[in-house]
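Since the structure comes first, as structure tokens, the remarks are kept for the end.
FYI, it's all coordinate maths here, none of it is from the lab. Given the structure is predicted, the values throughout are model-derived calculations rather than measurements. Ideal geometry is used to build each Cβ from the backbone, glycine not excepted, and the neighbour counts take in all protein chains shown.
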Amino acid sequence: MKYTYVIKRVLYSIFVFAIVITLNFFIPRIGVDDPAERYYPPQGNMSEIEYEIIKQVTRQQYGFHVSTWQQYTNYLKGLFRGDLGTSFRPGSPAVIDLIAARLPWTLVLSVSTMIIGLIVGVLFGVLAAVKRGRWQDTMLLNASTVMVALPAFFIALILSFYLGFEWEIFPAYTDPNMVSNFAWTWESIRRVAQNAALPILSMVVGSVISYAQGTRNAVIAVTNEDFVLTARAKGLKQSTIRYKHILRNSMLPIVTSLGMSISGLIGGQVVIEQVFNWNGMGTLFLEANNSNDYPLMMGIMLLLSGFTIFAILVTDLVYVLLDPRVTVGDRR
Amino acid sequence: MKKLKNIGSLLKRIWGHKQGKVGLVMVSFLILVAVFAPIIAPYDPYDVTQRAAKGLPPSSKHLLGTTINSGQDIFSMLVYGTRVSLLVGVTSGVCIAVVGSILGVMAGYLGGFVDSLIMRIVDIMLVIPTLPLVIVLTNVLGRDFWIIILIFVALGWTGLARTIRSLVLVLKNSNYVKAAELAGASRWHIMIRHILPGTSHLLIMSTALSSAGIMVAEAGLSFLGLGDPTAISWGKMLADAQSGGALLFGAWWWIFAPGLGIFLAVFSFMRLGIVMEEIVNPRMKQTSSVYKLFRSLDSSYIEDVFSSMDEYSQIGAKGLQGGETHEASVKA
């Protein structure tokens, strides 16, 4: 029973991914008859024939000369080989290489934000749940309502203004030498940490509150469960109940959510990377957008979507395999 | 007529709520500012020729100072910015409510093929990172004001449709729907006359909350320089402040003013939404709607984490609400 569910779930994920791939292929082709026009938009000072020649060359170079269906199958074949396509940049670098160069820098930000947010957030959340209805809890609620109305990029600007420009505690813009001169030395790592401080700080605030709110709700939900009542009735010590019964059980949804959250984190990080000029996937995506580099944009999108699908699948399976209370059926 | 009376009584109840009063006053204030912007604004916000008035700090002549590079009056820009924010936010919020309710009711009541089609679309849209997708779509479709609203609606209906669907699944089994079915009413008649009114409170509430979410998203989009290029919006003001050297030259007023605008608008709509949720659904805790808002925002950190838990509590509470509004005993 469980294994048929696992197989069904895996197949469904593959189905969703196939649709996402198809969307990825067709979105850049909305509104133009010829994808070469996306690569090289018509320009005023060019005669009809010149433009036709340029388009012809482009079609050959990027494989747009075959039928759309064949382009689609070629795209799929490329994906199976791990080839996300060729960028429209000069020199036609492979999309996967461009992403690979930026991915670690993005992960530096998102993973540290996640770790700090998780640790601090869980602590605050547990505190708020334990002191339910008292000032600690109310403070968390008020902080949540205020924080949710303040966009992260505004916080980033304020931090950059005060900590970066006025008080000069951290660099307000990312040092361009950070990436090019990077080596595994203490000096280099320290510089990365300094440059990453403000971007991480501006995301951590929201992350902490979000995790705290989630933890608080999870802990309160578990506290109301019957097995906690049973433990109380058995006369177990308060601390044993709190740590062994309540905390352990309320951590499950939070821990399994980590994988899922990282993709959303990277998506939302675009704006923060822009503020600090951080050399990550977010700025890569915006660069691609500004130069109409569709293969690169769609490659990043595909990577993020694929990661989310994978994370949701793993979460679901972990739930089913680990938690006996989860009944197999429709998740919604 | 009956519906108007319902909305009137809802407004009266919000007015009776301490925090609801604050939200209502703030929202009406913002609407007044947006409508009478040309009368309120002391200067022309588009006037970039005031060379003598560059970079002035706040004074009685320029309430919030002027910009460094072109000497525009920031207070006037702030007032005009209200128009874009409210128009995009509220229009998208209303359209999301319409689309989300139609699709949610169809999925819940018709079931079968329609249900699985709509829910599969929701699944697919869940895994594609929102902000990057919005950026790609503005690139493909253009950055016109209405296109941006269209994109927000096209991507924003999923969460609401899911919630409405789970509510409809409860309402579907209630006695008055059964009675209508036995009386031979057509399925469309039942959906429009009997089921849709049962979700109306949820829709009003969700309009306020999603308007708030869209306002943050719109600010982020125009901060990235991807909003409507001809309009003055708060996000664009922040982007101009960053590129115009507000951070470097210590022009704090240029950063705080648009940030304050965004905060006030989002906060007041959110307040209103949360209070409505509390009034409509007294069993629901404030925190859970705050948490939901976190998820509906673009830079949400935990995407779908506690959804199962959240929705479970909602179904229970909403079953009760359906019973209240229709004076029929609803049992799931």
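In chain A, if the dipole is taken from +1 on Lys/Arg beta carbons and -1 on Asp/Glu beta carbons about the Cα centre, which of A:L302, A:P90, A:V111 is farthest to the positive end?
A:V111
Ranked highest first by the average count of other Cβ atoms within 10 Å around their residues, in what order do A:114-121, B:34-41 fall?
On the way: A:114-121: 19.0, B:34-41: 14.4.
Highest to lowest by the protection proxy: A:114-121, B:34-41.
Please turn the phi angles of the range A:269-286 into ³J(HN,Hα) values with the Karplus equation 6.51 cos²θ - 1.76 cosθ + 1.60 (θ = phi - 60°), one per residue in order, whole Hz, x for glycine and proline.
Going residue by residue, I get 6, 3, 5, 5, 4, 5, 4, 9, 6, 6, 8, x, 5, x, 5, 4, 5, 5 Hz, with x marking Gly and Pro.
Which loop-located chymotrypsin sites (Phe, Trp or Tyr not before Pro) does the range B:192-249 contain, where loop means any DSSP state but H, G, I, E or B and the Cβ has at most 16 other Cβ atoms within 10 Å? Walk me through the numbers before you get to the answer.
On the way: sites: B:F223, B:W234, B:F249; in loops: B:F249.
Qualifying residues, ordered by number: B:F249.
Between A:Y12 and A:N224, how high is the FRET efficiency from 1/(1 + (r/R0)^6) when r is the Cβ-Cβ distance and R₀ = 30 Å? Nearest 0.05. Write down the numbers at each step before the final one.
On the way: r = 32 Å, r/R0 = 1.08.
The pair A:Y12/A:N224 has a calculated efficiency of 0.40.
Using only Cα atoms and rounding to the nearest 10 degrees, what angle (0 to 90) does helix A:294-322 make with the longest principal axis of chain A?
Here the helix axis deviates by roughly 30 degrees.
Using amide H atoms built in the peptide plane, which far-off residues or other-chain residues are under 5 Å from B:L56 H to H?
Distant-sequence amide H within range of B:L56: B:T66.
Taking 7 Å along the Cα-to-C-beta vector as the label spot, tell me the B:V35-A:N142 distance in nanometres, rounded to one decimal.
About 3.4 nm, to one decimal.
Taking the simple approach of a point 7 Å from Cα along Cα-to-Cβ for both B:T49 and B:S243, what is their distance in nm?
In this crude label model, B:T49 to B:S243 measures out at 2.3 nm.
The protein assembly as shown: Rg/Rh from Cα coordinates, Kirkwood Rh? Present the calculation step by step, with values, prior to reporting the outcome.
Numbers: Rg = 26.0 Å, Rh = 26.8 Å.
Rg/Rh for the protein assembly as shown comes to 0.97.
Is it possible to state the helix-based mean residue ellipticity at 222 nm for chain A, with each DSSP H run of 4+ residues giving -39500 (n - 2.57), the sum divided by total residues, to the nearest 500 deg cm²/dmol? What is it?
On the way: 13 runs with 234 residues, N = 332.
-24000 deg cm²/dmol, from helical runs alone.
Any idea what the alpha-carbon Rg over 2.2 N^0.38 Å comes to for the range B:2-295?
Working: Rg = 21.8 Å, N = 294, 2.2 N^0.38 = 19.1 Å.
My calculation over the Cα atoms of the range B:2-295 gives 1.15.
Once you average over the residues of A:247-255, how many Cβ atoms of partner chains fall within 10 Å of each Cβ?
Working: counts 0, 0, 0, 0, 0, 0, 6, 3, 0.
Taking all residues of A:247-255 together, the mean is 1.
Please report Rg (one decimal) and Dmax (integer) in Å for the Cα set of the range A:163-214.
Cα-based Rg and Dmax for the range A:163-214 come out at 13.6, 40 Å.
Return the distance in nm (one decimal) between the two label points of a simple spin-label model at B:V94 and A:L123, each offset 7 Å from Cα along Cα→Cβ.
Inter-label distance under the simple model: 4.8 nm.
Using only Cα atoms, what Kirkwood radius does chain A have, in angstroms? Please report the intermediate quantities before stating the final value.
Details: mean 1/r = 0.0428 Å⁻¹.
Kirkwood radius, chain A: 23.4 Å.
To the nearest 10 degrees, how steeply does helix A:2-26 sit against the main Cα axis of chain A, on a 0 to 90 scale?
Tilt relative to chain A: about 40 degrees.
Report the chymotrypsin sites (Phe, Trp or Tyr not before Pro) located in the range A:80-175 that are in a DSSP loop and have at most 16 other Cβ atoms inside 10 Å of their Cβ, or state none.
Listed in order of number, the matching sites are A:W167, A:Y173.
Would you pull out the residues with amide H under 5 Å of A:T86's amide H, same chain only if 5 or more places away, H placed 1.01 Å from N?
A:V95
Mind giving me the FRET efficiency for A:A100 and B:L87? R0 is 41 Å, r the Cβ-Cβ distance, nearest 0.05 is fine.
Working: r = 42 Å, r/R0 = 1.02.
Once the sixth-power term is evaluated, E becomes 0.45.
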